[in-house]
Amino acid sequence: MEKAKKPNSASELLNMLVKMRVFTWQEVETLMNTKVLLMTEKFLVYPGEAKWHSELDLDLSYGEDRHSLNWTDIKLELKRRQKVWQNYHPQIPGMDAVPIVTAEQLRLIDNPQIKDHFRKSVNGKQSIVQIAEKLDRDPLKIAKNYHNWRNNGWMSFISSPTKTQIEAKPEIQSALTSSPVAELPNNNLATRAQVEESHLPIVLSVDDSAIIQTTIKRALQADYNVLLAQKAEEALKILHEVEVELMLLDLTMPDVDGLEFCKTIRAIPKFQNLPIVMVTARDGLVNKMKGHFAGTDKYLTKPFKADELQKVVYQYIK
């Protein structure tokens with residue numbers, strides 16, 4: 001980078017590395033096409049369009065002739081892959097499906113390598129895409145194996161809870177329709193009167209981890225009135241009870257999926273403009289984009305430092 005005329009130039013840096021024989025242009029192009037293809041495929045299930053930010057200083061091109069990605073070829077390959085995914089349906093609902101293996105199913109498997117894979121990678125929480133990323137493999141190739149193993153009765157799949165399923169839960173439905181006089185959950189020491197008398201902006205933290213909740217409260221309590229909820233039901237009661245100015249929301253909760261809960265909140269008119277910051281250990285572009293699609297305003301990755309959290313909250317409550 002010290003030798004480069006333009007340190008921000010991907011093309012110039014790659015060209016220097018090719019001249020140093022670290023890799024060839026063919027290897028660069030193959031890798032880039034594969035990465036772009038897999039990344040694009042993950043977003044095909046979502047509505048909307050992609051726009052290039054012209055202010056970004058990035059020149060993604062290859063070789064001495066500086067040619068760009070062949071989007072026609074990528075489009076054709078995406079269509080081919082979509083047909084393959086469709087062939088795996090309904091055994092595999094989609095690339096976001098979560099594989100699960102029971103102890104009884106595990107006993108049926110006589111292949112030690114497959115058993116080892118299940119023990120290490122299939123925990124009932126990670127989707128096919130997440131497992132593929134962890135193993136640095138093509139999710140479609142993993143799906144091919146899973147499709148065969150599913151037909152053998154060695155595994156099954158679950159999908160993320162849908163909004164309808166969330167609303168169908170009696171306790172969530174009750175909280176959604178509860179009146180503004182509902183009581184605050186017991187784990188918040190502050191009563192309604194104490195909250196109002198403090199005159200501090202209210203931040204609601206929704207997380208089932210006591211350690212994370214303690215960390216958040218310590219980091220923010222000097223400047224904000226921090227209310228805590230372990231479940232979606234508690235969070236909804238607080239939202240109806242007091243005027244929350246920002247919500248910190250964990251992606252993984254015991255009663256509902258955080259992303260779907262966020263969508264549910266956004267569907268309620270009075271919470272459409274409520275700042276929601278997703279706080280989670282799941283890092284990566286895909287998870288951040290899913291949070292954006294669900295209606296979150298910001299994404300904060302665990303573990304985080306107190307000053308990081310304070311800066312994020314200050315962006316929305318000054």
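The values are calculated or read from the model by the stated rules, or taken from the named source; none is laboratory data. Note that this is a predicted model, so its numbers are computed, not measured. Neighbour counts run over all protein chains shown; Cβ positions are idealised from the backbone, glycine included. Side chains included, ligands, DNA and RNA excluded: accessible areas come from the protein's heavy atoms. Shrake-Rupley method; radii C 1.70, N 1.55, O 1.52, S 1.80 Å.
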So, Ala210, is that one at pLDDT below 85 and either of a type in the set (Asp, Glu) or surrounded by fewer than 19 Cβ atoms within 10 Å (Cβ to Cβ) (or both) or not?
no
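The rows are residues; the columns are (1) over 22 Å from Lys125 (Cα atoms); (2) of a type in the set (Lys, Arg); (3) touching a Phe, Trp or Tyr at 6+ places or on another chain (Cβ under 9 Å).
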position: Asp208; (1), (2), (3): no, no, no
position: Ile211; (1), (2), (3): no, no, no
position: Val226; (1), (2), (3): yes, no, no
position: Glu234; (1), (2), (3): yes, no, no
position: Ile238; (1), (2), (3): yes, no, no
position: Val244; (1), (2), (3): yes, no, yes
position: Thr252; (1), (2), (3): no, no, no
position: Val256; (1), (2), (3): no, no, no
position: Ile268; (1), (2), (3): yes, no, no
Examine region 15-24 for a residue that is open to solvent by less than 50 Å² (accessible area, probe 1.4 Å) and touching a helix residue (DSSP H, G or I) at 6+ places or on another chain (Cβ under 8 Å), and state whether such a residue exists.
yes
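Of the residues His292, His240, which is without any contact (Cβ under 8 Å) to a residue 24 or more places away in the chain and assigned to a helix (DSSP H, G or I)?
On the way: His240 fails: without any contact (Cβ under 8 Å) to a residue 24 or more places away in the chain.
Among His292, His240, only His292 is without any contact (Cβ under 8 Å) to a residue 24 or more places away in the chain and assigned to a helix (DSSP H, G or I).
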Every residue in region 25-36 that is open to solvent by less than 50 Å² (accessible area, probe 1.4 Å) and either under 14 Å from Asp136 (Cα atoms) or β-branched (Val, Ile, Thr) (or both), please.
Val28, Val36
Specify which of the listed residues (Gln105, Gln82) is open to solvent by less than 100 Å² (accessible area, probe 1.4 Å), touching a Phe, Trp or Tyr at 6+ places or on another chain (Cβ under 9 Å) and either farther than 22 Å from Phe293 by Cβ or part of a helix (DSSP H, G or I) (or both).
Gln105
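Right, Asp96: open to solvent by 30 Å² or more (accessible area, probe 1.4 Å), in a loop (DSSP other than H, G, I, E, B), of a type outside the set (S, T, N, Q) and closer than 30 Å to Pro7 by Cα or not? Don't jump to the end; show me each part of the working.
On the way: open to solvent by 30 Å² or more (accessible area, probe 1.4 Å): yes; in a loop (DSSP other than H, G, I, E, B): yes; of a type outside the set (S, T, N, Q): yes; closer than 30 Å to Pro7 by Cα: no.
It is false that Asp96 is open to solvent by 30 Å² or more (accessible area, probe 1.4 Å), in a loop (DSSP other than H, G, I, E, B), of a type outside the set (S, T, N, Q) and closer than 30 Å to Pro7 by Cα.
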All positions within region 1-38 that are touching a Ser or Thr at 6+ places or on another chain (Cβ under 9 Å) and more than 18 Å from Asp57 (Cα to Cα)
Val18
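Check Gln272, Gln221, Gln230 and return the single one that is surrounded by fewer than 18 Cβ atoms within 10 Å (Cβ to Cβ), farther than 30 Å from Glu41 by Cα and polar (S, T, N, Q).
Gln221
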Pairs where the first residue, in region 199-222, is within 15 Å of Lys305 (Cβ to Cβ) and the second is open to solvent by less than 60 Å² (accessible area, probe 1.4 Å) and of a type in the set (Lys, Arg), C-beta under 8 Å, 6+ apart:
Ile212/Lys302
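State which residue is nearest to Thr30 (Cα to Cα) when the search covers only region 108-158 and only residues that are hydroxyl-bearing (Ser, Thr, Tyr) and either in contact with a Leu (Cβ under 9 Å, 6 or more places away or on another chain) or open to solvent by 30 Å² or more (accessible area, probe 1.4 Å) (or both).
Residues of region 108-158 hydroxyl-bearing (Ser, Thr, Tyr): 121, 127, 146, 156.
Remaining after also requiring either in contact with a Leu (Cβ under 9 Å, 6 or more places away or on another chain) or open to solvent by 30 Å² or more (accessible area, probe 1.4 Å) (or both): 121, 156.
Numbers: Ser121: 27, Ser156: 34 Å.
Going through the qualifying residues, I end up with Ser121.
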Options Glu12, Glu64; residue that is of a type outside the set (A, V, I, L, M), in a helix (DSSP H, G or I) and over 31 Å from the mean Cα position of the chain (by Cα)
Glu12
